[in-house]
Amino acid sequence: MANEEAWSNEELQASVDAYADMFLAEREGRKVNKAETYRKLEARFGRKDKAFERRMMNISHVVQLLGGKPVKGLLPAKNIGPHTQNVLEGLIKTAGFISTVKTATTTPTTAALPVPEADKLADELVRKWKSSAAAIQPPSGYNKAPQYSTQTVERKRCAEVKAWVLYNSKGVCECCGNAAPFNKADGTPYLEVHHVVQLADDGPDTVDNTVAVCPNCHRALHLAANRLQLVEGLYHRHTRLKAGNNHSKELDGQR
């Protein structure tokens, strides 16, 4: 008896071939006997006919992803591993019974982009792919990422301010209240220092404008949809913080 969890390439090929026969018969108006198809496959491989029926439903799922119309009565079933899906996709394309096949792969942009532009494009692609019916395969990417030069202006920081904030946090994130996610090699808890009114907005590098936060909260304070509410929560919980003019105006505009 064939292992229910391990399908050989021969079994997958035979399943796709049988599906293709049913697909073409349906398109030509010929009678399709699904049960007889499954029994023949069972006799050939020793796997139960119901298992082949479920596999045909997996094939319907891949056919639909590739832009085809599944065989009637074989509703698409998504319960399929990524490796098996890739194998079925290749077999279906080779069989050539689908007239219009959507592209299931994606290629990188013709030129690598600086980090901000690449991040923006990545967000757009995620939204696009979520609404697409195509299976998105890994892009080739760049074996060696191209370099580019840029001029940046960095603000000098006060080491004592950073040390004081980290020391007084006692290893607890001042935003979510959870313990630091891990300890560094020297045994101290890992937290990041965030300027509530950012230095780029002329915020001060002082203890009344800085907090020690975990990496997740740090990104949320910069990027989350509820960022301003998170910042406002910091002011409510930590009396040492003083609202800057930029922050106050930003919050007022959201109320």
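All of the numbers you see were taken from the coordinates with simple rules; none came from a lab. In this text, all values refer to a predicted model and were calculated from it rather than measured experimentally. Cβ coordinates were reconstructed from backbone atoms using ideal geometry, including for glycine residues, and neighbour counts include every protein chain displayed.
Couple of notes before you dig in:
- Simple spin-label estimate for Ala25 and Trp164 gives 8.2 nm between the two label positions (7 Å along the Cα-to-Cβ direction from each Cα).
- Sorting the segments 149-161, 226-238, 207-219 by their residues' average number of neighbouring beta-carbon atoms within 10 angstrom, most packed first, yields 207-219, 226-238, 149-161.
- The range 9-95, dipole about Cα centre (Lys/Arg Cβ +1, Asp/Glu Cβ -1), debye to the nearest 20: 260
- In this rough spin-label picture, where each label sits 7 Å from Cα along the Cβ direction, the His83-Asp186 distance is 4.5 nm.
- R0 of 30 Å, Cβ-Cβ distance Arg227-Leu113: FRET efficiency to nearest 0.05: 0.75
- Dipole magnitude of the range 159-250, debye to nearest 20 (Cβ charges: Lys/Arg +1, Asp/Glu -1, about Cα centre): 240
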